[in-house]
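S.K.: Here it is: the structure, laid out below.
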């Protein structure tokens with residue numbers, strides 16, 4: 001199966017692959033970003049935010065993680081700018 005299709009369908013193996021990548025290279029931002037994107041597809045916004053935040057703590061200039069985090073903040077109830 002094409003990995004992009006499997007990812008879009010929420011193939012749980014991808015989350016395990018990202019967990020393994022994080023264990024092997026915990027100081028790389030990309031595995032956290034990709035696992036966060038997986039969680040976002042699964043509509044687990046809190047888990048996605050944690051991973052995007054971790055990716056950004058490793059690489060504050062990681063634009064894709066910044067963008068995805070902003071999208072999640074806008075979609076989650078009581079998280080967006082207007083929720084205050």
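So that you can scan it fast, the table gives a plain yes or no per residue for (1) farther than 19 Å from residue 22 by Cβ; (2) over 11 Å from the mean Cα position of the chain (by Cα); (3) at pLDDT 95 or above:
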{"position": "47", "(1), (2), (3)": "no, no, no"}
{"position": "50", "(1), (2), (3)": "no, no, yes"}
{"position": "54", "(1), (2), (3)": "no, no, yes"}
{"position": "58", "(1), (2), (3)": "no, yes, yes"}
{"position": "61", "(1), (2), (3)": "yes, yes, yes"}
{"position": "70", "(1), (2), (3)": "yes, yes, no"}
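S.K.: Can I ask one more? Tell me which residues, restricted to region 1-34, are at pLDDT below 85, surrounded by 10 or more Cβ atoms within 10 Å (Cβ to Cβ) and closer than 18 Å to residue 64 by Cβ.
M.R.: The answer is 3, 7, 8, 14, 18.
S.K.: Taking region 13-63 only, how many residues are out of contact with any helix residue (DSSP H, G or I) (no Cβ under 6 Å at 6 or more places or on another chain), assigned to a helix (DSSP H, G or I) and farther than 24 Å from residue 76 by Cα?
M.R.: 7
The values are calculated or read from the model by the stated rules, or taken from the named source; none is laboratory data. From a predicted model like this one, the values you see are computed outputs, not experimental measurements. Cβ: placed from backbone, ideal geometry, glycine included. Neighbour counts: every protein chain shown.
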